[in-house]
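Reading through the structure tokens given below for one structure.
The values are calculated or read from the model by the stated rules, or taken from the named source; none is laboratory data. Keep in mind that what you see is a predicted model, and the values were worked out from it rather than measured. Note that we place each Cβ from the backbone using ideal geometry, even for glycine, and neighbour counts take in every protein chain shown. Just so you know, the surface numbers come from the protein's heavy atoms only, side chains and all, with ligands and any DNA or RNA stripped out. Shrake-Rupley method; radii C 1.70, N 1.55, O 1.52, S 1.80 Å.
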Amino acid sequence: MSKFLKGTFILLIAGFITRVLGFIYRIVLARSIGEEGVGLYMMAYPTFILVVTITQLGLPVAISKNIAEAEARGDYAEIKKILVVSLATTISLSIILTPAIILLAPILAKTLFTDPRTYYPLIAIAPSIPIIAVSSVLRGYFQGRQNMRPSAVSQILEQVVRITLIAVMTKAFLPYGVHYAAAAAMAASVLGELLSLVYLMTTFKLKKRFPLRKNFFQFVNKGKQTFYDLMEIALPTMGSRMIGSVAWFFEPIVVAHSLALAGVLAVNGTKQYGLLTGYAMPLLMLPSFVTFSLATSLVPAISEANSRNNHKLIAYRLQQALRLTFLTGGLAVIVLYVLADPLMQLMYGSTKGSYFIRLMAPFFLFYYYQGPLQAVLQALNLARAAMINSLIGAVVKTAVIFFLASQASFGITGAALGIIVGFVLVSILHFATVLKKVSFPFYIRDYLKGFLVMGASGWFGYWLFENILLNEHLLLRVLSSITGMGISYIVMLLLFGLIKKDELHRIPWIGKLL
């Protein structure tokens with residue numbers, strides 16, 4: 001099995017575990033601090049993502065790409081230079097950003113978020129900045145060498161720590177107020193990041209091929225060209241992520257002010273935003289672990305093929321990624337759409353937010369495509385084009401949110417529609433940009449077959465839920481419906497030839513079974 005498939009498979013397993021654990025974290029969080037607490041947490045969380053984006057400076061992708069190319073040449077001195085320059089850059093940024101977030105927190109809370117209680121979760125973000133600075137570089141290093149295991153294990157460790165601490169910490173701080181509990185939830189995330197970093201540093205120390213600290217500052221001084229090479233990829237990549245992060249940072253601000261214009265009180269607005277982004281969105285984004293795994297593996301795999309001018313391999317890898325995204329994303333969409341109400345009831349003890357899932361699920365196929373397409377653009381040195389596409393999507397999304405959410409007839413539904421418009425537009429623009437660079441056939445008949453399979457499996461799952469095991473516990477009914485949908489979906493994919501037997505043989509444990 002190729003490094004690309006092996007790395008993707010490892011990340012798929014780890015991504016699935018991580019997303020499930022992350023979702024458990026969200027459930028525990030929602031049950032511990034309620035809609036209002038989740039709203040406060042989710043208002044501060046985009047700031048955390050924005051800080052992460054600035055700290056990383058787009059370097060993980062650039063490190064992964066450049067190390068893959070350097071290893072293909074056997075240039076280990078250049079690999080060390082890439083690591084040293086990247087660490088010096090991210091650590092320097094963290095020294096600036098950590099005090100900045102502490103100083104700006106009161107202004108952000110009172111002026112922009114219109115809820116002073118967000119100050120406490122914002123302050124809890126600060127300790128994570130230097131941790132992320134180092135861990136992002138180490139993840140990029142391992143991914144560049146197409147060794148996905150350390151990244152995978154570190155993600156799982158991070159989530160395990162978060163879940164272990166969340167219930168204890170929120171329960172301890174909740175008597176002092178929901179804002180302290182939201183800050184405790186953010187602090188649990190920071191501690192998860194810390195353990196993840198310890199693991200990455202230990203693994204790097206055991207597997208490194210050169211002493212990193214030896215002549216560290218000499219390599220920094222001699223690394224001007226390496227810095228420029230990294231920035232050529234990193235800055236446009238950061239630009240794309242920065243645009244998304246800034247748009248997400250302003251999203252709760254725009255929503256809060258728009259809902260105020262629509263006559264919604266600040267407390268109610270916080271609760272509604274919490275339902276959308278803290279209850280519905282995590283469930284909708286749960287299947288994206290597949291696309292994240294593909295995107296992470298695609299960058300070094302396509303970079304290596306591109307450095308050797310192997311256009312046939314590039315097209316083949318792209319086709320693999322797009323087809324896997326469609327097939328896995330399709331199953332996720334029908335499960336979420338058909339079982340929106342019972343899933344929300346099981347997760348949160350309430351069906352609040354299920355409306356958003358039914359509204360947004362059919363369009364989330366576009367969202368699942370976005371990660372792999374952007375990874376391909378970055379690997380083909382088209383990160384600037386990806387950044388422009390992201391900018392267009394962010395501007396349109398923010399405008400639609402403001403226009404619709406400020407009208408009483410739409411309210412928070414307008415925010416959901418704006419989010420949909422944003423990621424659909426970006427995915428279409430990414431796809432159009434990839435087509436200009438890479439020529440590959442687009443099998444319309446296969447996609448039509450795929451939609452037919454989705455419809456049939458969705459109907460079968462709905463029938464099972466409504467007619468079988470009616471007197472049993474809700475969990476058993478949901479599991480039987482998901483199992484029925486999953487089995488019928490896979491069987492029909494095989495019958496229609498959308499999954500081929502030779503592809504199944506390439507997956508180790510399935511290949512042995514067959």
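Just so you know, the averaged projected area of the alpha carbon convex hull for segment 371-420 sits at 3.4 nm².
Highest mean packing comes first when the peptides 295-305, 177-187, 224-234 are listed by Cβ atoms within 10 Å, giving 295-305, 177-187, 224-234. By the Kirkwood approach, averaging reciprocal distances over each pair of separate Cα atoms, segment 141-191 gets a hydrodynamic radius of 12.2 Å.
Using a simple spin-label model with pseudo-atoms 7 Å out from Cα toward Cβ, Ser350 and Ile49 lie 2.3 nm apart.
Cross-link list Lys352/Lys397; Lys81/Lys205; Lys312/Lys449; Lys110/Lys171; Lys224/Lys437: which exceed 19 angstrom alpha carbon to alpha carbon? Violating the 19 Å limit, Cα to Cα: Lys352/Lys397; Lys312/Lys449; Lys110/Lys171; Lys224/Lys437.
Extension gain, Phe16 to His473, is 162.0 nm, computed as 0.36 nm per intervening residue step minus the present C-alpha separation.
When the Cα gyration tensor is reduced to axis lengths a ≥ b ≥ c, the ratio a/c is 1.5 or higher for segment 327-451, and with a/b not above b/c it is classed as oblate. Over the chain, the reciprocal of the mean inverse Cα-Cα separation, the Kirkwood hydrodynamic radius, stands at 23.8 Å.
For the chain, the solvent-accessible area of protein heavy atoms averages 43 Å² per residue (probe radius 1.4 Å; ligands and nucleic acids excluded).
Cβ-Cβ distance of Lys205 and Thr164, R₀ of 22 Å, FRET efficiency by 1/(1 + (r/R0)^6): the value works out to about 0.30.
Stretching the chain fully between Tyr447 and Asn310 yields a gain of 46.6 nm (0.36 nm per residue, less the alpha carbon separation).
Here the scattering of segment 87-165 is modelled by Debye summation over its C-alpha atoms, one equal scatterer each and no solvent; at q = 0.25 Å⁻¹ the log10 of I(q)/I(0) is -1.06. Taking a span of 15 Å or more along the helix axis (Cα atoms) and a mean Kyte-Doolittle hydropathy of at least 0.5 as the rule, the DSSP H helices of the chain that qualify are 3-56, 76-107, 128-144, 149-173, 178-207, 224-261, 289-307, 311-338, 364-379, 383-405, 412-437, 474-495. Starting from 0.36 nm per residue, how many nanometres of slack lie between Ile392 and Ser480 once their C-alpha separation is accounted for? That pair, Ile392 and Ser480, stretches by 27.4 nm at full extension.
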